[in-house]
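The values are calculated or read from the model by the stated rules, or taken from the named source; none is laboratory data. Because the structure is predicted, anything quoted here is derived from the model rather than measured. We place every Cβ from the backbone using ideal geometry, glycine too, and count neighbours over all the protein chains shown. To get the accessible areas, we keep the full protein, side chains included, count just its heavy atoms, and leave off ligands, DNA and RNA. Shrake-Rupley method; radii C 1.70, N 1.55, O 1.52, S 1.80 Å.
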Amino acid sequence: MTVFEATTGPGETPPADAVAPRDSTAQAPTSVARLNATIRDFVARWNTVWVEGEITSWNVRAGNVFARLKDTRSDAQISIRVWSSVRGRIPADLGVGDHVVAAVKADYFVRSGDFSFAVSAMKHVGLGDQLERLERLRVQLRQEGLFDPARKKRLPFLPHVIGLITGERSDAEKDVHRNAELRWPQVRFKTAYAAVQGDRCVPDTLAALARLDADPEVDVIIIARGGGDPQTLLGFSDERLVRAVAAASTPVVSAIGHENDHPLLDDVADLRASTPTDAAKRVVPDVGEQRALIAQLRSRATTRLTQRLTHDIAQLEQLRSRPVLRSPDPIIDSRAQETFLLLARGRDAVTRQLDDAGRRTSELRASLRALSPAATLARGYAIAHLEGGVILRDAADAPAGSALTLTVDRGSLAVRSEGEIAEGA
């Protein structure tokens, strides 16, 4: 116990270290060191107590653990310290979300004025209530298909306007702006500020999301927040917010906390970024990289086009160097002579065929004339026809008075039979 001694004479104001806190006045105040020492001495008399709660943060530094323990039925919390000498006596798998029972003793640090509890023993009770509720909700949303990659929307290659939901004047806002503008200086933002923890977190974020989702200029929405313990990130696992993000028509990027933080918003968002900085890099393309890519593509296209032209020119020169193209006259002349000979042979063949056909026609005409009755009539003969065109071959077939038609070489005439024809005529 620290001892403070007075060094004043009669009638003098005692120094602050000499005044006990219970005796302090405005004229004779006590010192901070005396006050802290008094608190420490009072706290030191407290006994070790067993307390039940849920671990909401668990940070290991230099072998020691600095954590927070939350009441399972209210928001009351305490700070706890697990020294390295105690860590070997407690379960090694303890972490955020675990429901535990711990033996703690109050500890007050005089120099910093910090109040915490030193842990001498700790054991599991079961999964923390909040973590258990979140896991049940996670299973339900997964069964409904809200985590299905097939329903997630693709981010635009180059967003003209980015909607940003974050805390006002937060480091997350600065990180997103700085990294996005470094990659593409012309990028524009429409920022909607919202509380990123506490009771106002969910309603503020819902209102900001609805406003940006209804804005036709916004191409993608980033919800960003810096790191924190699971207790402060609970708002981003709220069922109302998760379902609103799933129903949004604009692609949503979740950039909540750090790499190890994993609220339900990460699972339902169209893209999960590990940090706000990572969100800016994944949403906005790097102008330098794109220019280098364009230059590379142009170089490849120029090379391919040059190779194609060189190849085509070489083929053209090869064709032009062939004899048939270098001097085509001999080939044309030889083909012309061949064509002339074929034409002459064709004419001779056609003429012979015509002559043969003419001779055959004359012979057939002569034969036809020799066999034709007209030749007989030309020699003075006549043909007698009865009525009906029947040729008269026997005089008995034409009694007296019968009408006859006589056909001669030049015409025909009608006669009548006048009597019997003499026998032997």
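Descriptive notes on the structure:
- Taken over the stretch 281-301, residues that are open to solvent by 100 Å² or more (accessible area, probe 1.4 Å), over 24 Å from V176 (Cα atoms) and under 22 Å from the mean Cα position of the chain (by Cα) amount to 0.
- Residues satisfying the stated conditions in the stretch 44-68, i.e. in contact with an Asp or Glu (Cβ under 7 Å, 6 or more places away or on another chain) and of a type in the set (A, V, I, L, M, F, W, C): I55
- Looking at S79, S112, just one residue is over 21 Å from H262 (Cβ atoms), open to solvent by 30 Å² or more (accessible area, probe 1.4 Å) and out of contact with any Phe, Trp or Tyr (no Cβ under 8 Å at 6 or more places or on another chain), and that residue is S112.
- Test result for K190, at pLDDT below 90, among the charged types (D, E, K, R) and in contact with a strand residue (DSSP E or B) (Cβ under 7 Å, 6 or more places away or on another chain): no
- Residue match in the stretch 223-230 (condition: without any contact (Cβ under 8 Å) to a residue 60 or more places away in the chain and open to solvent by 80 Å² or more (accessible area, probe 1.4 Å)): no
- Strands (runs of 3 or more DSSP E) within the stretch 71-132 that include 1 or more residues within 30 Å of S31 (Cα to Cα) and under 50 Å from the mean Cα position of the chain (by Cα): 77-82
- If you check L309, L305 for being over 27 Å from V187 (Cβ atoms), open to solvent by less than 100 Å² (accessible area, probe 1.4 Å) and more than 20 Å from the chain's Cα centre (by Cα), only one passes: L309.
- Residues in the stretch 166-205 that are in contact with an Asp or Glu (Cβ under 9 Å, 6 or more places away or on another chain) and part of a helix (DSSP H, G or I): N179, L182, R183, C201, V202, T205.
- Hits in the stretch 128-151 (condition: open to solvent by less than 50 Å² (accessible area, probe 1.4 Å) and modelled with pLDDT of 90 or more): L141, G145, L146, F147
- The number of residues in the stretch 245-280 that are surrounded by 23 or more Cβ atoms within 10 Å (Cβ to Cβ) and either out of contact with any helix residue (DSSP H, G or I) (no Cβ under 7 Å at 6 or more places or on another chain) or of a type in the set (F, W, Y) (or both) comes to 1.
- Members of the stretch 359-390 found to be open to solvent by 70 Å² or more (accessible area, probe 1.4 Å) and under 15 Å from V415 (Cβ atoms), listed by number: E387
- Inter-residue pairs, beta-carbon under 6 Å, first acidic (D, E) and in the stretch 378-391, second surrounded by 10 or more Cβ atoms within 10 Å (Cβ to Cβ) and modelled with pLDDT of 80 or more, 6+ apart: E387/A403
- Filter result for the condition that a residue is touching a Ser or Thr at 6+ places or on another chain (Cβ under 9 Å), touching a residue at least 12 places away in the same chain (Cβ under 8 Å) and over 22 Å from V268 (Cβ atoms), over D238, D219, D175, D213: D175
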